[in-house]
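Written below as structure tokens is the structure these notes are about.
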Amino acid sequence: MQLRVLGSAAGGGYPQWNCNCPRCQQARGGGLSDQCRTQSSIAVSADGRHWLLVNASPDIRQQILDTPALHPSTGLRGSGIAAVLLADSQLDHVTGLVMLRESHHPLSIYCTPRTEEDLRTGFPVLNILSHYCGTQVHPLPLDGAAVEPAETPGVRVTAIPLKSKAPPYSPHRAAPEPGDNLGFFFHSAEGDGGVFYAPGLGDMDDSLLPWMARANVLLVDGTTWTDDEMQRVVGGRKTAREMGHLPQSGAHGTMALLAQYPKARRILIHINNTNPILDPASEERAALEQAGIETAHDGMHIPF
């Protein structure tokens, strides 16, 4: 089994197009140009030929160009992307579907009924795609049962409900329910290990602990270093926790959580442009490395 990080940044990427925070300034000026990142997305495969795209980032075109395994290999048209798995209906995770409209066959999409509802109402991208390649939507169970998409043989995935809200355009924004936001556990039919993937981890829940304990790779939310980071750095109105993201630092932050799983490979993804860990020379990056925690980057290859 293998996983490729297509994009490792939070919404807006790094540097963000309209942001003039210190790190975005550095990146544009060349000081941190080797740390630039596209918006969060991964791909998983068992055979290296049929890939499950996990969230369709707005940067999907560039991510495909940067990933030869996703290029067409035979015939005039084609793609290594065999199916799409959606964690939620957030813009950062679904607008890339529009870029895939030139598919030579209907897009096979795995998501919860709640997400499908959002993508037919508040942000009706599925309706739009019906005028192009079309879609085939497969509902994800939330009872802990594993699904093996027919398009990606050997890849087994279990959907894990996370506590979070649906996006602002969702008809059920004010009434969150399980299925609005997911983490995933990827594994093969053999062995007990796997990857626990949760780029939007806003609140810990006891139901997550068995999955995290079982994983040999933890690929989790790395949005901000502190809870008030967005407010301090760019004048944001909400804290990280209010936006549905655990900060890394603090007694109940991601670093403290990951310290409970020293045997797993621990990696942060979905990194916001305000986060000081983007600078390899920062004290914060040094603290992560000392704790044995990695920082995801675009193109990262993770076998499991």
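Coordinate-derived values only; no laboratory data. Bear in mind the structure is a predicted one, so any value in this text is a computation, not a measurement. Cβ atoms come from the backbone with ideal geometry, glycine included; neighbour counts cover every protein chain shown.
Please find, in a Gaussian network model of the chain (springs between Cα atoms separated by less than 10 Å), the residue of Asn216, Asn273, Asn127 whose mean-square fluctuation is greatest.
Asn127
Taking the Cα centre of the chain as the origin, how large is its charge dipole in debye, to the nearest 20, when only Lys and Arg (+1) and Asp and Glu (-1) carry charge on their Cβ atoms?
Numbers: 23 positive and 31 negative charges, 90 e Å.
Rounded to the nearest 20 debye, it is 440 debye.
Viscosity 1.002 mPa s, temperature 20 °C: give me the Stokes-Einstein translational D for the chain in µm²/s, with Rh taken as the Kirkwood radius over C-alpha pairs. Walk me through the numbers before you get to the answer.
Numbers: Rh = 19.4 Å.
D, rounded to a whole number, is 110 µm²/s.
List Met255, Met204 from most exposed to least, where exposure is judged by having the fewest other Cβ atoms within 10 Å. Numbers along the way, then the final one.
Values: Met255 20, Met204 15.
Fewest to most other Cβ atoms nearby, the residues stand as Met204, Met255.
Given a 10 angstrom Cα cut-off, can you work out which residue in Val125, Val217, Val195 is the most mobile in a GNM of the chain?
Per the Cα network of the chain with a 10 Å cutoff, Val125 tops the list.
Considering only the other residues whose Cβ falls under 12 Å of the Cβ of Thr158, what net charge follows from Lys and Arg at +1 and Asp and Glu at -1? Please report the intermediate quantities before stating the final value.
On the way: positive: Arg156, Arg214; negative: Asp143, Glu148.
Every neighbour counted, the sum reads 0.
Please check: in the Gaussian network model of the chain (C-alpha springs, under 10 Å), which one of Gly154, Gly13, Gly236 has the largest mean-square fluctuation.
Gly236
Evaluate Rg over Rh across the range 6-130, taking Cα atoms for both radii and Kirkwood's formula for Rh.
Numbers: Rg = 15.7 Å, Rh = 15.5 Å.
Result: Rg/Rh = 1.01.
Among His187, His104, His50, His172, which comes first, second and so on when ranked by fewest other beta-carbon atoms within 10 Å?
Values: His187 22, His104 11, His50 19, His172 16.
Fewest to most other Cβ atoms nearby, the residues stand as His104, His172, His50, His187.
If the reach is capped at under 21 angstrom between alpha carbons, list the lysines near Lys238, excluding any in the same chain fewer than eight residues apart.
Lys163, Lys165
Add +1 for every Lys or Arg and -1 for every Asp or Glu among the other residues with Cβ under 9 Å from the Cβ of Pro176, and state the total. Write out the running numbers ahead of the final one.
Details: positive: Lys163, Lys165, Arg173; negative: Glu177, Asp180.
Summing Lys/Arg as +1 and Asp/Glu as -1 gives +1.
What ranking of Tyr110, Tyr197, Tyr132 emerges when the number of other C-beta atoms within 10 Å of each C-beta is taken as an exposure proxy, fewest first? It would help to have the intermediate numbers written out before the result.
On the way: Tyr110 22, Tyr197 28, Tyr132 14.
Fewest-to-most ranking of Tyr110, Tyr197, Tyr132: Tyr132, Tyr110, Tyr197.
Have a look at Ala175, Pro161, Ile60 and report the one farthest towards the positive end of the charge dipole of the chain, computed about the Cα centre with Cβ charges (Lys/Arg +1, Asp/Glu -1).
Selected residue: Ile60.
7 Å from Cα along Cα→Cβ at both Ser73 and Asp205: what's the point-to-point distance in nm?
3.7
Could you work out [θ]222 nm for the chain from helices alone, using -39500 (n - 2.57) per DSSP H run of at least four and dividing by all its residues? Round to the nearest 500 deg cm²/dmol. Walk me through the intermediate numbers first.
Numbers: 10 runs with 57 residues, N = 304.
Helix contribution divided over all residues of the chain: -4000 deg cm²/dmol.
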